[in-house]
1. For a protection proxy built on the mean count of beta-carbon atoms within 10 angstrom, sort 109-120, 305-316, 165-176 highest first, please.
2. Applying 1/(1 + (r/R0)^6) with R0 = 30 Å to the Cβ-Cβ distance of residue 176 and residue 24, what FRET efficiency is obtained, to the nearest 0.05?
3. Can you tell me how much longer the chain between residue 165 and residue 61 gets when fully stretched, taken as 0.36 nm per residue apart minus their C-alpha distance, in nm with one decimal?
4. Apply 1/(1 + (r/R0)^6) to the Cβ-Cβ distance of residue 317 and residue 187, taking R0 = 22 Å, and write down the FRET efficiency to the nearest 0.05.
5. Based on DSSP H runs of at least 4 residues, each adding -39500 (n - 2.57), what is the mean residue ellipticity at 222 nm of the chain after dividing by all its residues, to the nearest 500 deg cm²/dmol?
6. Quick check: pseudo-label points 7 Å beyond the Cα along Cα→Cβ at residue 2 and residue 331, how many nm apart are they?
7. Cα convex hull of the chain: mean projected area in nm², to one decimal?
8. Find the Rg to Rh ratio for region 160-312, where Rh is the Kirkwood radius over alpha-carbon pairs and Rg uses the same atoms.
Ligand code: 13P
Ligand code: MG
Ligand code: MG
């Protein structure tokens, strides 16, 4: 049986500023998903939030980019939640719905999408387990470092040495998120091309891993990331992209511990206040609000197992809810406080290219006119 896993998320309004959606908004999205499952459009699914972003996580047999899933289900569900956000006076109602009516699928219309289609339970993969990452107050490049470390660096993932299937390597699809006319991608095989991969991924505002495939089984996609930039869709700053990722694990793929180990670092990403600063990313339990200092970027991670019918949603493991992450959180909070001390100076604020979509550009233009040559 071919199954598609889809994660579609959007910020369509939140309480008390950009913190979290209301219970009523989440209920509206859950209602639409329940209807889709009842009518057979979707197999199974659940609705979560990470900060102010609502994620619909579902399985179905319609393939990636399907209009019944993207438009009839997800877009309509986000519209229903937007109407409630408007009634409740919530902040940013409908923020990520950037077009009037998406045609066919929601790619390029605002919501973030990660999707993987695969054969369910073939002999090479007797159990299907996977993780869903969702991040708020940051951009898709936030996953570059953790994915690089898990798929390319044995110092962080000893499984690359221990497992013969992992040892065959992976093909990384990296997208140039600045390309405005159509998608611009490059496929690089690792480990052979690791230094070329690094040369691109270090620029996380422009390049992001969009997909990773196994080289042992090239049809098997292990990672999908929602690698689109809202400012390229809207032409101005409308909120941060707040990316989601699906990562399949175990067997022919890395194990969960290998995939989440890099989140110990609390690496600095672009995001947080007005999407225009540099702060470390904090692992948090699912359904957390954004309450940390200066809109600290957050990331959640749920693990699931899929049964032979494609159902998974009623059983999950909330990886970052575990107390073993508390020491990491304290470490990351200290990193956050440290960089905040220098306010807007230098690297504490986002790069010049990134702030090109903010009001700072107008100020610089006016000042430019005041300059004189001496
Ligand atoms: P969101 O994209 O989560 O709405 O955050 C936007 C922002 O500007 C935070 O300060
Ligand atoms: Mg928001
Ligand atoms: Mg958000």
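1. Per-residue mean Cβ counts within 10 Å order the peptides as 109-120, 165-176, 305-316.
2. Numbers: r = 40 Å, r/R0 = 1.32.
Efficiency at R0 = 30 Å is approximately 0.15.
3. On the way: separation 104, 0.36 × 104 = 37.44 nm, distance 2.75 nm.
This chain segment gains 34.7 nm when fully extended.
4. On the way: r = 32 Å, r/R0 = 1.44.
With a Förster radius of 22 Å, E is 0.10.
5. Values: 10 runs with 90 residues, N = 374.
Rounded to the nearest 500, it is -7000 deg cm²/dmol.
6. 4.3 nm
7. On the way: hull surface 79.9 nm².
Result: a mean projected hull area of 20.0 nm².
8. Working: Rg = 16.8 Å, Rh = 17.3 Å.
Here the Rg-to-Rh quotient is 0.97.
Just so you know, all these numbers are worked out from the coordinates, no wet-lab data involved. Source: prediction; values computed, not measured. Note: ideal-geometry Cβ built from the backbone for every residue, glycine included; neighbour counts use all protein chains shown.
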